[in-house]
Amino acid sequence: MSMSEIKKKPSLRKSALTTGLMTGISRISGLLRDVCFSQFFGASANMDSFFVAFKIPNLLRRFFAEGAFSQSFVPIINEYKELHPEKVRDLVGSTFGSLSLILFFITALGVVIAPILVYLFAPGFSGNDGQLLITTQMLRYCFPYILFISLTSLLGSLLNSYGNFLVPAITPVILNLCLIIGAIYLSSWFHPPELGLAVAVFFAGLFQLIFQLPFVIRKKLTFRPRINFSYPGVRKIYKLMLPGIFGSSVAQINILIDTLLASFLVTGSISWLYYSDRLMEFPLGVFGIAVATVILPKLSSDNASDNTEEFKKSFTWGINAVITIGLPSTMGIILIGDHLLYAFFFSANFNLHDVSMAYASLVAYSIGLLAFMLIKILVTGYYSRQDTKTPVRFALYSLFLNISLNLFFIFILYRFVGEALHAGLALATSCAALFNVYLLYRELIRIRAIDSGVIFNVHNAKKVLATMIMSASIIISKSYFIPNPYFMERLSVIFNLSLIILIACLVYGVIWHLFIHQDSSLQARD
């Protein structure tokens with residue numbers, strides 16, 4: 001991603017930076033939330049139960065909210081803005097009312113069949129009646145979250161379509177604050193204490209929905225909710241959404257399969273996967289999702305106005321942006337991930353063994369970090385063109401590969417690594433993501449949505465070299481600042497890690513900048 005290219009996209013750059021900053025604040029609050037989890041509860045059986053109970057509605061949130069719904073709703077509302085601006089309020093009102101009815105019945109059904117869902121998603125709990133019971137109770141508190149957060153996503157997608165990326169990006173902070181309050185205060189009112197976290201999830205969903213309403217009103221986008229499934233725009237959204245429910249969230253399905261299989265492994269496996277996934281998702285959320293959120297409305301508008309050249313430029317900008325960030329993020333997490341886990345999560349309830357086990361799966365997840373980020377960008381190319389069937393087909397291939405590799409890696413690791421079987425689940429997820437990127441990228445080139453060589457070119461090869469030099473700086477500075485973190489004060493480890501990260505960013509930034517300016521012809525072409 002060259003400087004000349006960035007200057008051609010000032011609005012995208014500014015929006016991406018704003019969204020990334022707000023998402024970064026949200027992720028930091030999420031990190032503080034996870035620190036509270038590790039300090040108060042550790043990697044216990046009850047926390048395994050909570051993570052399963054929260055993961056089920058959270059997966060549906062990824063389907064309805066961040067995934068299929070938003071990626072189906074944004075292209076249609078941008079089409080209405082371009083072609084039928086006088087009907088936008090009718091579209092939003094009909095969509096809101098119809099979606100509310102669907103979600104109400106899904107929520108009611110989920111609460112009623114909670115024991116069945118727990119058995120399906122964590123069958124390993126079935127041999128422990130106590131754990132099965134507490135997980136079911138937690139799930140019934142957590143399940144209404146899908147109703148509130150999906151409607152919140154609708155309002156957030158509406159704000160995004162009108163250029164307000166800040167409010168939707170900062171809204172998840174409310175969830176994290178509620179869970180922190182739940183860990184510190186509510187937990188003492190419940191038995192077991194972890195049940196207070198499930199109650200906090202319920203209120204978090206409600207408060208996020210309430211938070212966004214004033215900003216919709218301020219934009220003069222008020223609407224009257226109505227149940228109207230026959231409205232043309234609503235039919236079009238759901239037509240795109242149904243296959244997209246699977247296609248846009250394959251990574252989450254893969255992680256859910258990891259949880260299902262991990263329920264058969266040693267106690268703590270689900271928690272180890274959770275903490276490693278949360279740390280790995282920090283760069284994914286700050287950069288990958290932020291860039292995808294920003295370019296989707298732009299790509300949808302370009303497609304609606306049949307501006308093919310501008311579509312390709314915006315798409316290429318998004319791909320290059322995540323490659324620029326994803327490469328160093330991957331190596332950074334691999335090289336200092338164990339220190340990060342120790343600095344943030346180590347406690348009497350999350351000991352050095354837990355840190356070691358979580359780091360094993362963190363490295364495995366990190367192998368697919370860039371692929372996870374690229375998937376977020378590449379699928380927007382299909383959704384902006386109102387094509388949801390192609391990502392579904394590729395997602396199915398990736399899912400089958402993930403299941404096969406899960407079983408294969410567990411068998412291999414069982415013979416060599418003992419307790420770290422969960423790392424095989426994470427590695428399978430990463431491999432499936434890499435395969436999904438290959439399929440998505442190849443098809444986009446075939447249909448000429450992007451030019452060939454957008455990912456594999458000399459320009460990105462220089463980023464790989466810059467990442468290698470940055471990695472060397474991390475190894476050197478780590479040996480100097482943190483020779484052995486387990487014999488240092490926690491604050492000293494955090495401070496020295498900050499210095500290492502700062503040095504790495506400076507080294508990568510300087511090398512990248514010098515490479516770009518050494519070849520002006522390549523800069524202009526990219």
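The values are calculated or read from the model by the stated rules, or taken from the named source; none is laboratory data. Because the structure is predicted, anything quoted here is derived from the model rather than measured. Here the Cβ positions follow ideal geometry from the backbone for every residue, glycine too, while neighbour counts run over all protein chains shown.
If I go through segment 295-310 residue by residue, how many of them are over 12 Å from residue 383 (Cβ atoms) and buried (at least 23 other Cβ atoms within 10 Å of the Cβ)? Residues meeting the conditions: 1.
Looking at 66, 82, can you tell me which residue is closer than 26 Å to residue 390 by Cβ, surrounded by fewer than 17 Cβ atoms within 10 Å (Cβ to Cβ), modelled with pLDDT under 85 and not basic (Lys, Arg)?
Details: 66 fails: surrounded by fewer than 17 Cβ atoms within 10 Å (Cβ to Cβ).
None of the others qualify; the one that does is 82.
Among the residues that make up segment 418-426, is at least one of them within 17 Å of residue 284 (Cα to Cα) and of a type outside the set (Phe, Trp, Tyr)? Yes: segment 418-426 contains one or more residues that are within 17 Å of residue 284 (Cα to Cα) and of a type outside the set (Phe, Trp, Tyr).
Where residues in segment 341-371 are among the polar types (S, T, N, Q) and surrounded by 19 or more Cβ atoms within 10 Å (Cβ to Cβ), which of them is nearest to residue 488 (Cα to Cα)? Among residues in segment 341-371 that are among the polar types (S, T, N, Q) and surrounded by 19 or more Cβ atoms within 10 Å (Cβ to Cβ), the one nearest to residue 488 (Cα to Cα) is 361. Listed by first and then second residue, the pairs linking a residue in segment 366-387 that is within 20 Å of residue 157 (Cα to Cα) to a residue that is hydroxyl-bearing (Ser, Thr, Tyr) and not in a helix (DSSP H, G or I), with Cβ atoms under 6 Å apart and 6 or more places separating them unless they lie on different chains, are 379/248. Taken over segment 313-337, the criterion of being over 20 Å from the mean Cα position of the chain (by Cα) and modelled with pLDDT of 90 or more is satisfied by 335, 336. When segment 92-126 is filtered for residues that are polar (S, T, N, Q) and buried (at least 19 other Cβ atoms within 10 Å of the Cβ), the ones remaining, listed by number, are 94, 95, 98, 107. Here is a check on your reading of the model: is residue 182 surrounded by 22 or more Cβ atoms within 10 Å (Cβ to Cβ) and without any contact (Cβ under 8 Å) to a residue 24 or more places away in the chain? Yes. When the criteria are applied in full, residue 438 fails the requirement of being at pLDDT 85 or above, of a type in the set (Phe, Trp, Tyr) and not assigned by TED's automatic domain parsing to the domain that holds residue 365.
Contact map, segment 188-200: first residue free of Cβ contacts under 8 Å to residues at least 40 places away in the same chain and in the same structural domain as residue 39 (by TED's automatic domain parsing), second residue in a helix (DSSP H, G or I) and aromatic (Phe, Trp, Tyr), Cβ cut-off under 9 Å, separation 6 or more or different chains; pairs are 196/189; 200/141. Scanning segment 144-154 turns up no residue that is of a type outside the set (S, T, N, Q), closer than 29 Å to residue 395 by Cα and over 24 Å from the mean Cα position of the chain (by Cα).
Checking 387, 354 one by one, the residue that is charged (D, E, K, R) and either over 27 Å from residue 293 (Cα atoms) or part of a helix (DSSP H, G or I) (or both) is 354 and no other. Evaluate the following for residue 486: is it of a type outside the set (A, V, I, L, M, F, W, C), loosely packed, with under 15 Cβ neighbours inside 10 Å and modelled with pLDDT of 85 or more? No.
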